[in-house]
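Novice: There's a structure below that I have some questions on.
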Amino acid sequence: MSDVEFAVNGRFLTQNITGVQRYARNVVLHLDEILKARSTSAPIFAPHTALDPELERMPLVKIGRVTGHAWEQFVLPMRWNGHLLNLCNTAPALKSKQVVCIHDANVYIKPESYSFAFKAYYRFLQFLIARGSAKITTVSSNSAAQIAEHLSLDYSQIIVLPNGHEHALTWKPELAKTAPSIIARPDGTRERPFVLAIGSQAEHKNLRLVTDIAPNLYELGIDTIIAGGSAAIFSPHTSSNIKNVSFLGRIDDNDLAFLMDRALCLLFPSWTEGFGLPIVEAMARNCPVVSSDRASMPEICGRAALIAAPDDPRKWVEHVTTLVEDPTRRTELILSGRERVKQFSWHRTAEAYADLIRD
């Protein structure tokens, strides 16, 4: 088609949704609107197992009989020779006419979070991508600095296109299926207040801090709920077994909204993050945030969250205590968070990608 300006690497449509895949899905959703306004289009090439997002100006084109990295490295570049947009850390290694979003440098900063095979592959692949691609993007200034250092790139040439918040406003807590039964009390009395943490069992997510302070929170009358899956790329990690901690595993967005809308706060204690999407999701849903002071988190939070070192459990308990005892401070954080998330827009990020790949 003569009106096609570029294509999108749609491998993410075959993967479970984590922060990286959510980034890609929301960018293409808003790209579709932008391409419609510009009277152009861009196909999404994907393996045969991909789920169709059913976009008007971005038709799904399924190609090849293989999936995974083999599809990305061999099938995709053989089928598409034009400009390519890659939104999920990886891309065809030997293709030059492409934009690649590398979300973080965690395989270098926290290698213990990943399996040996995953680390080796990502380090080698991203080394090749960094030297061959037309443009590298990422999701925060901190992430850009880390990528520049570990991949020997010029920091000023890495383009920061952050996550957005709008998707969290579309979640429907009234359709939650799992979460209501988790926080309900058997005797029918009012549910206990709880804090919410979201993440996998990867070491850099630092959920051990959350389970370590859970007994202190229990003394304050507060339960702890931890939501999130554990992917095979992560190293084994044994969670603490504490009576007031509920591990939910992977839950859908409506259940997540139900919990955020009712939580005392979100605890986000990571050692490192490329962005920290649950922070803006929580703020968008009026859930106060207590965040780590490392990596990108202060950049994303601004002054709209309480900040603590990821190795200072006493400070985390202190912050939660403040939110319990000072409802006015909690309300201030909710209002500040609501304003803060306006800086993070999927539509603006998608528009920047459309301009970047066109130029």
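Novice: Out of all the residues in the stretch 293-315, is one or more surrounded by 24 or more Cβ atoms within 10 Å (Cβ to Cβ), in contact with a Cys (Cβ under 7 Å, 6 or more places away or on another chain) and not assigned by TED's automatic domain parsing to the domain that holds Gln21?
Specialist: Scanning the stretch 293-315, I find no residue that is surrounded by 24 or more Cβ atoms within 10 Å (Cβ to Cβ), in contact with a Cys (Cβ under 7 Å, 6 or more places away or on another chain) and not assigned by TED's automatic domain parsing to the domain that holds Gln21, so the answer is no.
Novice: Limited to the stretch 24-55, what total is found for residues that are polar (S, T, N, Q), crowded, with 16+ Cβ neighbours inside 10 Å and farther than 22 Å from Asn89 by Cβ?
Specialist: Looking only at that region, the number is 2.
Novice: Return the only residue of Leu259, Leu267, Leu335 being buried (at least 16 other Cβ atoms within 10 Å of the Cβ) and in a helix (DSSP H, G or I).
Specialist: Only one candidate passes the filter, namely Leu259.
Novice: Turning to a different aspect of this structure: How about the stretch 301-342: which of its residues are touching a residue at least 60 places away in the same chain (Cβ under 8 Å) and farther than 20 Å from Asp261 by Cβ?
Specialist: Pro310, Asp311, Pro313, Trp316, Val317, Thr321
Novice: Next question, about the same structure. Please state which of the following conditions Val99 fails to meet, knowing it meets all the rest: (1) surrounded by fewer than 18 Cβ atoms within 10 Å (Cβ to Cβ); (2) in contact with a Leu (Cβ under 8 Å, 6 or more places away or on another chain); (3) within 21 Å of Leu13 (Cβ to Cβ).
Specialist: So the condition that Val99 fails would be (1).
Novice: Quick test of your reading of the structure: Leu84 fulfils all but one of (1) touching a Ser or Thr at 6+ places or on another chain (Cβ under 8 Å); (2) farther than 15 Å from Ala350 by Cβ; (3) buried (at least 18 other Cβ atoms within 10 Å of the Cβ). Name the failing condition by number.
Specialist: The single condition Leu84 does not satisfy is (1).
Yes/no matrix, rows are residues, columns are (1) part of a helix (DSSP H, G or I); (2) within 17 Å of the chain's Cα centre (by Cα); (3) touching a residue at least 60 places away in the same chain (Cβ under 8 Å):
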residue: Ala91; (1), (2), (3): no, no, yes
residue: Val107; (1), (2), (3): yes, yes, no
residue: Tyr122; (1), (2), (3): yes, no, no
residue: Glu149; (1), (2), (3): yes, no, no
residue: Leu153; (1), (2), (3): no, no, no
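Novice: Next question, about the same structure. Starting from the stretch 266-290, take each residue that is within 26 Å of Tyr108 (Cβ to Cβ) and in contact (Cβ under 8 Å) with a residue 60 or more places away in the chain and list its partners that are among the charged types (D, E, K, R) and not in a loop (DSSP other than H, G, I, E, B), counting only C-beta distances under 6 angstrom and pairs at least six apart or across chains.
Specialist: Ser270/Lys205
The values are calculated or read from the model by the stated rules, or taken from the named source; none is laboratory data. Keep in mind that what you see is a predicted model, and the values were worked out from it rather than measured. Positions of Cβ are generated from backbone atoms using ideal geometry, with glycine treated the same way; all protein chains shown enter the neighbour counts.
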